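Below: the structure, in structure tokens.
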Protein chains: 2
Amino acid sequence: MSDETQELGITESKEHSPGEWYAEVVQKAGLADYAPMGGFIVTRPRGYALWEGLQNHLDGWFKQTGVQNAYFPMLIPESYLEAEKDIVEGFDPEVAWVTHGGHEELEERLAVRPTSESIITPFMSQWIRSHRDLPMRLNQWCSVIRWEATDTKPFFRTKEFLWQEGHTAHRDREGAWDETMTRLDQYERLYEDVLAIDVLTGRKPDHDKFPGADTTTSVEALMPDGKSVQGGTSHYLGTGFAEAYDVTYADEDEEEQLAHTTSWGTSWRALGALIMSHSDDQGLVLPPAIAPEQVVIVPIWQEDTREEVLEYCEGLQSDLEATGLSVNLDDRDERNPGFKFNEWELKGIPLRIEVGPNEVDDEEVTMVHRPDGENVVADRADLVSAVEDALDTVHAKLFAASEERLEEGVREAHGRADILGTIGQHGGYVKTGWCGEESCETEIKDQIAAEIVAVPMEDDEEHETPVHDTCGVCGEESVTTAYFAKSY
Amino acid sequence: MSDETQELGITESKEHSPGEWYAEVVQKAGLADYAPMGGFIVTRPRGYALWEGLQNHLDGWFKQTGVQNAYFPMLIPESYLEAEKDIVEGFDPEVAWVTHGGHEELEERLAVRPTSESIITPFMSQWIRSHRDLPMRLNQWCSVIRWEATDTKPFFRTKEFLWQEGHTAHRDREGAWDETMTRLDQYERLYEDVLAIDVLTGRKPDHDKFPGADTTTSVEALMPDGKSVQGGTSHYLGTGFAEAYDVTYADEDEEEQLAHTTSWGTSWRALGALIMSHSDDQGLVLPPAIAPEQVVIVPIWQEDTREEVLEYCEGLQSDLEATGLSVNLDDRDERNPGFKFNEWELKGIPLRIEVGPNEVDDEEVTMVHRPDGENVVADRADLVSAVEDALDTVHAKLFAASEERLEEGVREAHGRADILGTIGQHGGYVKTGWCGEESCETEIKDQIAAEIVAVPMEDDEEHETPVHDTCGVCGEESVTTAYFAKSY
Ligand SMILES: [Zn+2]
Ligand SMILES: [Zn+2]
């Protein structure tokens, strides 16, 4: 069995070799494998279950707030992409092209969608006639391809990735801006309440907006290695796309008006952030809200106690499942309890219940929290509330650690040397005054590969005045606070 | 308003111009639109909601019976497709090829998946080591492309379509055959219990099996125009794929054994069958189990009764929604009741509740069944059970009509002239003795474009002996009964 134990366990260190550690956790926890073509992965059942968990939460919130799902073709004619020059300039170098159907060469080549504005917006234009058709809120869950030539990192950098893309049209700026914020808030809620990750919200500098957008907003999550993950983006597109694709409506006075549009998306990168945030050298750690199995029950028996222990465990399982929890009773005969503990720690089940003859005699259960191994004993009679409390505690522990990381991870700096030194030494976010010129970002980027990942929202009262009167890089007058960070 | 009414209503006749009628229902009920590239459609929210309904049912059944969802790359290297020559011979002429990524030509071209055996089976080979890893049951919900040059018919004939494909591996023939039948049964259940369509189940003649399969089974649904729809297929693949891709396992004695595999799939073609089966010259008709809205409440008010009628309607809605029903209260001021009746008939809501001042005074509700316009009055106090009964009745009416169509649609014939004449006159299925030679099918196919869509299962006791001693086409000894039909 030692061979198998070896093979099962994580051998890399999260602290000392985070890249190798991440790849090992993804593979050994059964989340994904590398596909034969560079840049592609195979999402295994335990990985796909995480995606389904994310979908269930987000899709429910979308539907509660007026979004309808739809499905548009995965292939988009080149001429459609070109209709919006801002977009094609953004995506052209990253497009995978279908040139042949069967044995025939196509007259016009087709892009595998890198994003679907260019096919969805023309249809919205057809479907919207009157103010009564607005707001129109469409979303699709699909996969997209962006042909970037970089090292594959499952869920973080892959040529094909799963995501959702929302596309909406509204009567005016206010409606579209509210929509942009509603989706950003839902992404924040996904990270905080489901993934147990604290996030920073803000907007992108103008030079880093989605091509054609008026405002690009995002949630940013700080990883343990000090880098930021852009965890979801919500774009207020203004009337630019509406103009390019003729999305107009007749208002109450039968006057033709341009619609204001938005788009917003989040991808399986959220799973990458999830894995990287909480997991450790024993393997995956999952918060209960997204864990496919929230509880594993491991019986500890001898030949003569097997029957009573197992019966007791089955009672626990059925009481817990009756409340809607997903519970795995690991009653395999061919594995000992130590092996099972390791396996389910590796696979990230948030709470383990251990049951031996003592628990049966004392009418108790022993619960072990995955993140820190804390042991809690509860009366059998209080099982359901004790487990619910324990799961809440596991979530709270994970979120608290993430919150603390983010709080400590934002540091003020001013002056080139201070900014570079602070990022170099600590990673995380450096908060500084900024003049608004891209060249000041470029200076930092060229030296330490950190960029401005967020500036405060325009209506953010807390950040009404910049943190410094002058730009942290060039010393000119600052117009806003900027958050510099290295990012994924 | 007459312009709008005109535009809203179905103008084609299901009986006299079924093709045009179908296209009109799909578009006017808001299910789908034609995409700019021939062969592709845009699935609109009301169409996509049907797909989500189908997914919810089927995915739940799959998970209850041990299936895990996964996701494999949409692009497959040409060499992978070629590894199984039987498959590539089957799909090569229909593959869409990605040849360029960004500005670079790829070294090896990549197929947009036409089906995923060739990428999934090699991974199953890696993941399966011991008999303890079996059965392994994987499924993915995705879109596939088959580059067929035919006229587009939404949900029936499209180059891209949504489907699910299941792929499983088992220790032996028995396990794999049980799996094949489990999925076929679930497809049958989908048609009967969700879509309210009666189906014929059977297997395909050897010359029409999935390439490489041992046995291909299917559910076949008879459309009102007399053509058969292959509504879902479940393949017992034997050990052929396991051999080609080296799917082996160590048995209890550590001996290496070949796995037996299956694959099974159903696509949005099921939605095409749904639309075509039940809908009429007023538009879409949906059974309650898949309708996104099961009930529409239409208030009928005058200025002075508006408030009391609306309040009564809101009470109905909240009582019904509390039981989990999806209810649309159409309280639009700008439309009159007649317009609303037409609109919701067009869109297929199974049950309409009409509420005027009389209903309020008498504490009653008037319910109208979508399929036949039958009116039923119930006491307000019995609302929930009355609505549930009405929905069950609507399902039963739809299924009974489909069942009757299928019963009447199977006719016995013997001899070329009899077979051709019967299909020519009535459509439907012609049941005849068959010698097992493809040439006898070809003779019929060449003359009337009907083929053998099903032969009875080998273990079908009812069909143990062929319906005729001799082949209905050539007169040689028959080995089985065959069902000839024209098909979609
Ligand atoms: Zn500056
Ligand atoms: Zn014959």
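The values are calculated or read from the model by the stated rules, or taken from the named source; none is laboratory data. Only a predicted model underlies this, so the values are computations on that prediction, with no experimental measurement involved. Glycine gets a Cβ as well: all are built from the backbone with ideal geometry, and neighbour counts include every protein chain shown.
Things to note:
- Qualifying residue in region B:394-402 (condition: more than 30 Å from residue B:323 (Cβ to Cβ) and either surrounded by fewer than 18 Cβ atoms within 10 Å (Cβ to Cβ) or in contact with a Leu (Cβ under 7 Å, 6 or more places away or on another chain) (or both)): no
- As a summary of the residue check, residue A:143 satisfies the conditions (1) among the small types (Gly, Ala, Ser); (2) in contact with a Leu (Cβ under 6 Å, 6 or more places away or on another chain); (3) surrounded by 22 or more Cβ atoms within 10 Å (Cβ to Cβ); (4) under 21 Å from residue A:273 (Cβ atoms) except for the one numbered (3).
- Given (1) modelled with pLDDT under 95; (2) touching a helix residue (DSSP H, G or I) at 6+ places or on another chain (Cβ under 7 Å), index of the condition residue B:86 fails: (2)
- Any hit, region B:160-173, residues being within 8 Å of chain A (Cβ to nearest Cβ), under 23 Å from the mean Cα position of the chain (by Cα) and outside any loop (DSSP other than H, G, I, E, B): yes
Let's see how each residue does on (1) touching a residue at least 24 places away in the same chain (Cβ under 8 Å); (2) farther than 24 Å from residue B:242 by Cα; (3) within 27 Å of the chain's Cα centre (by Cα):
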site: B:92; (1), (2), (3): no, no, yes
site: B:95; (1), (2), (3): yes, no, yes
site: B:111; (1), (2), (3): yes, no, yes
site: B:117; (1), (2), (3): yes, no, yes
site: B:123; (1), (2), (3): yes, no, no
site: B:131; (1), (2), (3): yes, no, no
site: B:136; (1), (2), (3): yes, no, yes
site: B:147; (1), (2), (3): yes, yes, yes
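- Tallying residues that are in contact with a strand residue (DSSP E or B) (Cβ under 6 Å, 6 or more places away or on another chain) and assigned to a helix (DSSP H, G or I) within region B:317-344 yields 6.
- Going through (1) within 30 Å of residue A:283 (Cβ to Cβ); (2) touching a residue at least 60 places away in the same chain (Cβ under 8 Å); (3) more than 10 Å from every other protein chain (Cβ to nearest Cβ) one by one, residue A:66 falls short only on (1).
- The residues in region B:7-61 that are of a type in the set (S, T, N, Q) and more than 20 Å from the chain's Cα centre (by Cα) can be counted, and the count is 3.
- Residue match in region A:77-91 (condition: surrounded by fewer than 17 Cβ atoms within 10 Å (Cβ to Cβ) and within 8 Å of chain B (Cβ to nearest Cβ)): no
- Applying the criterion of at least 2 residues that are within 25 Å of the chain's Cα centre (by Cα) to the strands (runs of 3 or more DSSP E) found wholly in region A:256-311 leaves A:260-267.
- When the strands (runs of 3 or more DSSP E) confined to region A:392-488 are screened for residues that are away from ligand 2 (no atom under 16 Å from the Cβ), modelled with pLDDT of 95 or more and of a type outside the set (Val, Ile, Thr), those reaching at least 3 such residues are found at A:429-434, A:480-485.
- Where residue B:305 falls short, out of the listed (1) under 30 Å from residue A:252 (Cα atoms); (2) surrounded by 19 or more Cβ atoms within 10 Å (Cβ to Cβ); (3) of a type in the set (Val, Ile, Thr): (2)
- Verdict on residue A:47 being among the small types (Gly, Ala, Ser), modelled with pLDDT of 95 or more and crowded, with 23+ Cβ neighbours inside 10 Å: yes
- Of the set (1) away from ligand 1 (no atom under 16 Å from the Cβ); (2) surrounded by 19 or more Cβ atoms within 10 Å (Cβ to Cβ), all apply to residue A:465 but (2).
- Near pairs, Cβ below 9 angstrom, 6+ apart or cross-chain, from region A:373-386 (among the aliphatic types (A, V, I, L, M)) to any residue that is assigned to a loop (DSSP other than H, G, I, E, B): A:381/A:363; A:384/A:322; A:384/A:323; A:384/A:325
- Selection count where residues are outside any strand (DSSP E or B) and in contact with a helix residue (DSSP H, G or I) (Cβ under 8 Å, 6 or more places away or on another chain), scope region A:349-379: 9
- Of the candidates B:473, B:430, B:455, the single residue that is away from ligand 1 (no atom under 16 Å from the Cβ), buried (at least 22 other Cβ atoms within 10 Å of the Cβ) and more than 24 Å from residue B:199 (Cα to Cα) is B:473.
- Single match in A:192, A:179 (criterion: in a helix (DSSP H, G or I), surrounded by 20 or more Cβ atoms within 10 Å (Cβ to Cβ) and of a type in the set (D, E, K, R)): A:179
- Filter result for residue A:114 (more than 10 Å from chain B (Cβ to nearest Cβ), in contact with a strand residue (DSSP E or B) (Cβ under 9 Å, 6 or more places away or on another chain) and closer than 17 Å to residue A:183 by Cα): no
- Criterion violated by residue B:8 - all others in (1) closer than 30 Å to residue A:33 by Cβ; (2) surrounded by fewer than 21 Cβ atoms within 10 Å (Cβ to Cβ) satisfied: (1)
- For residue B:60: the one exception among (1) under 30 Å from residue A:148 (Cα atoms); (2) more than 10 Å from chain A (Cβ to nearest Cβ): (1)
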